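Structure, as structure tokens:
The values are calculated or read from the model by the stated rules, or taken from the named source; none is laboratory data. Remember, predicted model here, so these are calculated numbers, not experimental data. Note that we place each Cβ from the backbone using ideal geometry, even for glycine, and neighbour counts take in every protein chain shown.
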Amino acid sequence: MKKSIGDNMIPKRWSFERGLELVKKAGYDGIELWLGDVPWFQMETTDAAVGELRRKVEDAGLVVSNVSTGLHWKTPLSARDPNVRSRAIRIVERQLETAQILGCDAVLVVAGLVTQEVPYNEVYQRCLDAMKQLAPLAAKAKVKIGCENCNSEQRFLLTPREFWTFLNDVDSPFVGIHLDVGNIHDTGFAEQWIEMHGPRITRIHLKDVMKKRGRCCDTVYTSLFIGDNNWPAIRAALTKVRYDGWLIAEMEARYRYAQDQQFYDTAADMDRLISGNL
Amino acid sequence: MNISRRIFLGGVTGCAATLWSFDPIGLDMPGSEPERGIDCVLLDLNSDCILRESLQGYQATLNLFPEATLNSRRRCRLAIVPAFGAMDSAIAWTLSNLLQSGTDVLLESGAGFLSAEEFSAHQKMLDRYFDIAVGAPVDLWAGKSADDVPLRHRAGRHPGSSPDSYASIPYVNYFWPREAKVRDFSRVIPVTARAGDVIGKVGALPVALKRRMAKGNLIFLGSPLGPSLRAGDSEALSWLRMVARL
């Protein structure tokens, strides 16, 4: 397995190049690029500029593990307004295009957002439509779309079996699951998701979660091994399904001070997870 | 009169392909099987059908294949025009002729998300051809908390809303031909009945109308029903089936 971390973890006011240097020095093999979340990688960034990002990544001795985006939280594929949906589709298309330029074969998509206003069954159908529309483009680009399980935040595809049914309905080898082991928290067990989705897992996000241990009994994200994820079980499930792809750190709880230290600490934690010495 | 609406073969073919690939949601709800043998025409206005999902909802519910042309000599009990935005005069005239000869016409507005300019054209068309006065779209969720308590703790990645409190759902309440409570579609087109009967409201706001026009009935929906049909809403399914069987 290889280690990666998101470029949105690079401290603000740092340049991309300085961030890459840190990522390499901390021991990662690759970097996850977040379309729309960082100043150097926006929807308007030209192909040439994206190519330049790739050059910088490779010059730093890294590769791009995948292209992710948080843009679909505000522009969901499940929006009722067809104009919003068109923009959401365009975001995924751009992810696929840039993934090709960056030399990686996976993108992360937040596939739908259930709200009080837009109910589950509508979201399901629209996301299915979107994925069926995008799957041929992904196949042509040879880039897999990984729909992320943002269980509680999306209120969508809350169980591994629902997710399985959704992927069956999409029915494309180029649409799978970008599994976030921290997002499952109150709704199940990460190791069961790994076992169930095995070969359909495109990438894995790592973070830990403390269930109902925040203020006012919130569930809060935290650094690896501090929370309630069953890491030995997660590691065993990865072995069981023969997952040998990218593990990507997505540390939602950031160090307030010595932010570069979080890169080193997380890399060390990931090495420990990969080694199985837990 | 035989008319055809901007039938670009590519567009029609693409549309047909999309519709054939549509797979209705498999909820196995009681009574969710498609209707058969109903004498209806489902009109596909192609790019002027603003919400394709609405067309798909009617198609799946009534087991109809959408038609891109409309013949005013054709005899049918009900003609359905889902989620229309613009409508050219030829189509409007044909629908008027169908009403004259006794066909009921269900006009579903898809204008909720149109631009101001497009909506103005929509408004004028309804006034001119069907004597229906509609107001600008009303956002039923404006100022309400549609979202998003669980996102607050992830503000970095999920920027945006700062919720206040949850509010009740603004259902569309139909009271003809049967009572039905159907999910709103975020924005509604309020309708004024110069003649005829209001058949659906959101709160006190009239959003659906039925009126006699010569031998036929015109049913105007200011809130799209098709997306709820596609999502398997049992109330919406029952309501449409009753209209189709009248």
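Just a few scattered comments:
- Output for the stretch A:230-253, where each listed residue is under 24 Å from residue A:7 (Cα atoms) and surrounded by 13 or more Cβ atoms within 10 Å (Cβ to Cβ): A:243, A:245, A:246, A:247, A:248, A:249, A:250, A:251, A:252, A:253
- Checklist (1) farther than 27 Å from residue A:119 by Cα; (2) touching a Cys at 6+ places or on another chain (Cβ under 6 Å) applied to residue A:234, failing item: (2)
- Candidates are the residues of the stretch A:119-147 that are away from every other protein chain (no Cβ under 11 Å) and outside any helix (DSSP H, G or I); the one that is farthest from residue A:79 (Cα to Cα) is A:142.
- Only one of the numbered conditions (1) closer than 22 Å to residue A:22 by Cα; (2) in a strand (DSSP E or B) is violated by residue A:177, and that is (1).
- Count of residues meeting criterion [in contact with a Phe, Trp or Tyr (Cβ under 7 Å, 6 or more places away or on another chain) and either small (Gly, Ala, Ser) or free of Cβ contacts under 8 Å to residues at least 12 places away in the same chain (or both)] in the stretch A:1-31: 4
- Residue A:106 meets the conditions (1) within 11 Å of chain B (Cβ to nearest Cβ); (2) more than 24 Å from residue B:110 (Cβ to Cβ) in every case but one. The failed one is (1).
- Condition met for residue A:23 (of a type outside the set (Lys, Arg) and away from every other protein chain (no Cβ under 14 Å)): yes
- Test for residue A:99: is it more than 13 Å from every other protein chain (Cβ to nearest Cβ), in contact with a strand residue (DSSP E or B) (Cβ under 6 Å, 6 or more places away or on another chain) and part of a helix (DSSP H, G or I): yes
- When residue A:87 is tested against (1) charged (D, E, K, R); (2) touching a residue at least 40 places away in the same chain (Cβ under 8 Å); (3) within 14 Å of another protein chain (Cβ to nearest Cβ), exactly one condition is not met: (2).
- None of A:116, A:154 is touching a Lys or Arg at 6+ places or on another chain (Cβ under 9 Å) and either within 12 Å of another protein chain (Cβ to nearest Cβ) or surrounded by 23 or more Cβ atoms within 10 Å (Cβ to Cβ) (or both) except A:116.
- In the stretch B:214-238, the residue that is farthest from the other protein chains (Cβ to nearest Cβ) out of those that are within 24 Å of residue B:53 (Cα to Cα) and part of a loop (DSSP other than H, G, I, E, B) is B:222.
- Taken together, the residues in the stretch A:185-216 that are within 14 Å of chain B (Cβ to nearest Cβ) and aliphatic (A, V, I, L, M) amount to 2.
- Test: residue in the stretch A:70-79 that is over 19 Å from the mean Cα position of the chain (by Cα) and either more than 9 Å from every other protein chain (Cβ to nearest Cβ) or of a type in the set (D, E, K, R) (or both): yes
- Residue within the stretch A:46-59 that is within 14 Å of chain B (Cβ to nearest Cβ) and either in a strand (DSSP E or B) or of a type in the set (Val, Ile, Thr) (or both) present: no
- Test: residue in the stretch A:183-206 that is in contact with a His (Cβ under 6 Å, 6 or more places away or on another chain) and assigned to a loop (DSSP other than H, G, I, E, B): no
- Residue in the stretch B:76-89 that is closer than 21 Å to residue B:134 by Cβ and without any contact (Cβ under 8 Å) to a residue 12 or more places away in the chain present: no
- One residue from B:241, B:211 being in a strand (DSSP E or B) and over 20 Å from residue B:112 (Cβ atoms): B:211
- Residue list for the stretch B:60-90, restricted to those being in contact with a Phe, Trp or Tyr (Cβ under 9 Å, 6 or more places away or on another chain) and part of a helix (DSSP H, G or I): B:60, B:89
- Qualifying residue in the stretch B:166-183 (condition: buried (at least 21 other Cβ atoms within 10 Å of the Cβ), within 8 Å of chain A (Cβ to nearest Cβ) and at pLDDT 90 or above): yes
- Scanning the stretch A:13-38 for residues that are hydrophobic (A, V, I, L, M, F, W, C) and assigned to a helix (DSSP H, G or I) gives A:16, A:20, A:22, A:23.
- Considering the stretch A:184-218, and only residues there that are at pLDDT below 85 and among the acidic types (Asp, Glu), the residue that is farthest from residue A:262 (Cα to Cα) turns out to be A:186.
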